[in-house]
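Report on the following structure.
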Amino acid sequence: MPKKQFCALCVAVSEAMSRAETPVHNKRLLETSQFIVLPSVGPLVPGHVMVVSKGHFASLASMGVDGIREYESVAGRLRGAPFLRDGNALETEHGSAEDDKAGACVIHTHVHWIPGMGQFWGEFGEGLALRPEKCLQEVGVSGGAYIFARARGGQAFFEARGLRSQTIRRILCDLVDRDDTDWMQALRLNWVEETVKAWLEDGQRV
């Protein structure tokens, strides 16, 4: 577990798990013992959510066999969730290391689930070197910064040392000819509210 200073995602998890009224972007959509699903702030599309670790870990791969196994259970549930059940979601992570953010804004496990962008999972290889590992457990053993991309068509891990902040978002925006490469400049709280409403109406929230 990395040395923790201030962490925006630790704060978000704490707010989401409290029973007090929380901001819409920290609404708890789904919860397990090690993970919580939150709507993404600055979503690329309505329905964009993040699977965030409750504990302060650098990446999903660093959480070990039990953490990865529990994540896969969460992933199975998300494939039937609002906006994601059509089978074309992109599942992707900046897999940070203690000394490298891998393009993430925050060093803390958070995996993005982005509806309608599953076809782009392999495009990351156009600008990033492919890593040899075939699964998250192998990446955890090898260590180092990585980008994880998975969709119905397959999955891959890419080298991510020294990448620019929000690399995944930049790649996707380039592919769909959009210029909103910085989520902080495109918060889109209306889309966040749409996501939360859909989950509540669907009865997914626990």
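Readers should treat all values here as calculations from the given coordinates under stated rules, not as data from a laboratory. The model shown is predicted, which means the values in this text are computed figures rather than measured ones. Backbone-built Cβ (ideal geometry, glycine too); neighbour counts: all protein chains shown.
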- Message: Cβ-Cβ under 8 Å, sequence separation 6+ or interchain: first residue in the range 65-90 and without any contact (Cβ under 8 Å) to a residue 12 or more places away in the chain, partner in a loop (DSSP other than H, G, I, E, B) and of a type in the set (A, V, I, L, M, F, W, C). Which pairs?
- Response: Arg79/Ala89
- Query: In the set Val24, Val41, Val51, Val74, which member is under 19 Å from Thr167 (Cβ atoms) and out of contact with any Lys or Arg (no Cβ under 9 Å at 6 or more places or on another chain)?
  - Reply: Val51
- Message: Whether any residue in the range 7-16 is closer than 25 Å to Ser165 by Cα and within 12 Å of the chain's Cα centre (by Cα) is what I want to check.
- Response: yes
- Selected residue (only one of Val192, Val141, Val176, Val196 is over 23 Å from Gly42 (Cα atoms) and either among the β-branched types (Val, Ile, Thr) or in contact with a His (Cβ under 6 Å, 6 or more places away or on another chain) (or both)): Val141
- How many residues are surrounded by fewer than 21 Cβ atoms within 10 Å (Cβ to Cβ) and either among the hydroxyl-bearing types (Ser, Thr, Tyr) or touching a Pro at 6+ places or on another chain (Cβ under 8 Å) (or both) if we restrict to the range 28-39? 2
- Task: Only residues that are farther than 16 Å from Cys173 by Cβ and either in contact with a Lys or Arg (Cβ under 6 Å, 6 or more places away or on another chain) or without any contact (Cβ under 8 Å) to a residue 40 or more places away in the chain (or both): list them for the range 108-134, please.
- Result: Gly118, Gly122, Gly125, Ala129, Leu130, Arg131, Pro132, Glu133, Lys134
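Suppose we filter the range 130-176 for residues that are among the basic types (Lys, Arg) and assigned to a loop (DSSP other than H, G, I, E, B); how many remain?
The number of residues fulfilling the criteria is 5.
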- Item | Residue, nearest to Ala89 (Cα to Cα), within the range 160-206, restricted to residues that are among the small types (Gly, Ala, Ser) and out of contact with any helix residue (DSSP H, G or I) (no Cβ under 8 Å at 6 or more places or on another chain) | Ala198
- Message: Give me the residue from the range 148-179 that is under 15 Å from Asp99 (Cα atoms) and in contact (Cβ under 8 Å) with a residue 40 or more places away in the chain and, out of that set, surrounded by the most Cβ atoms within 10 Å (Cβ to Cβ).
- Response: Ala160
- Task: Need at least 1 residues that are polar (S, T, N, Q) per element, so show me which strands (runs of 3 or more DSSP E) inside the range 35-129 make the cut, counting only ones lying wholly within it.
- Result: 49-53, 90-95
- Some residue of the range 8-30 being closer than 21 Å to Gly95 by Cβ, in contact (Cβ under 8 Å) with a residue 40 or more places away in the chain and assigned to a loop (DSSP other than H, G, I, E, B): no
- Query: What is the residue count in the range 180-206 for residues that are without any contact (Cβ under 8 Å) to a residue 24 or more places away in the chain, part of a helix (DSSP H, G or I) and in contact with a Lys or Arg (Cβ under 7 Å, 6 or more places away or on another chain)?
  - Reply: 0
